[in-house]
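Notes to accompany the following structure.
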Amino acid sequence: GRSAMGTCGSAAAAVANSGHNLTPGSGLKITELWNGTSWTTGNDSNDVHKYCGGGGTQAAGIIAGGPGANNEHFDGTNWSTENDLPSPISSNAMNGTQAEAYIAGGDPYSTATYAYDGTSWAASTVMSTGRSGPFMTGGNPNTSIVVAGGLVLPGTVTNLTEMRNGTSWSTQGNLT
């Protein structure tokens, strides 16, 4: 068992990577592949990722952050080390693909956002509300994404929602 993994893929072809198993200081590099019916063991990632973000597909996945600035691509079999994030991040939200991805939030209650162009990460327009552990969803991660929820202070969760239109963030209707 483990938690705080990076994931990518679909209900028929998914990847679960890294995480931790609650042993103090633990960090795993384990990769498991889902075929719609069962899990099989895949090749380990190069770095430990826990409380990280993931995106893409089983054949073209990406995982970044948590607890460092590491960024890796997955080709369905092997992980490759790619250009790191500008700074370490964890407990962040992530959406996108190997060609275009976006990260927002993170510990400690960060407003930071980073855009990925398939080669490198760059700092982007910050969110209005700093948060750890939010979720992100949307279409094209650099033109239309939504970030909601997360922790805003120790023990305090938020229902605040923000949407990015490609250039700026705006407050949206709160989670119920």
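A few comments on the model shown:
- Here the contact order of the stretch 46-128, divided by its residue count and restricted to Cα pairs under 8 Å and six or more residues apart, works out to 23 percent.
- Carbon plus sulfur fraction of accessible area for the stretch 132-176, probe 1.4 Å, in percent: 59 percent
- Counting only protein heavy atoms and a 1.4 Å probe, the stretch 18-176 has 45 square angstrom of accessible area per residue.
- The GNM of the chain, with springs linking C-alpha atoms under 10 angstrom apart, assigns the highest mean-square fluctuation among 12, 69, 101 to 12.
- Most mobile listed residue (79, 39, 121) in the chain, GNM with C-alpha springs under 10 Å: 39
- Extension reserve of the residue 170-residue 35 stretch, reckoned as 0.36 nm per residue once the Cα distance is removed: 44.8 nm
- Protein heavy-atom surface of the stretch 1-71, 1.4 angstrom probe: 55% of the accessible area is carbon and sulfur, with nucleic acids and ligands not counted.
- The value of relative contact order for the chain, using C-alpha pairs under 8 Å at least six residues apart, is 12 percent.
- Label assignment, Cα extents along the principal axes in Å derived from the structure, set [x] 41, 34, 32; [y] 96, 32, 28; [z] 133, 20, 16: [x]
- Counting charges near residue 142 (Lys, Arg +1; Asp, Glu -1) among other residues having Cβ under 14 Å from its Cβ returns a value of -1.
- Solvent exposure, largest accessible area first (probe 1.4 Å, DNA, RNA and ligands not counted), of 152, 147: 152, 147
- Around residue 18: net Lys/Arg minus Asp/Glu count, Cβ-Cβ under 11 Å: -1
- Largest mean-square fluctuation among 65, 150, 54, in a Gaussian network model of the chain whose springs join Cα atoms under 10 Å apart, belongs to 150.
The values are calculated or read from the model by the stated rules, or taken from the named source; none is laboratory data. On a predicted model such as this, the values are computed, not experimentally measured, just so you know. Cβ: placed from backbone, ideal geometry, glycine included. Neighbour counts: every protein chain shown. Heavy atoms of the whole protein, side chains included, go into the accessibility calculation; ligands, DNA and RNA do not. Shrake-Rupley method; radii C 1.70, N 1.55, O 1.52, S 1.80 Å.
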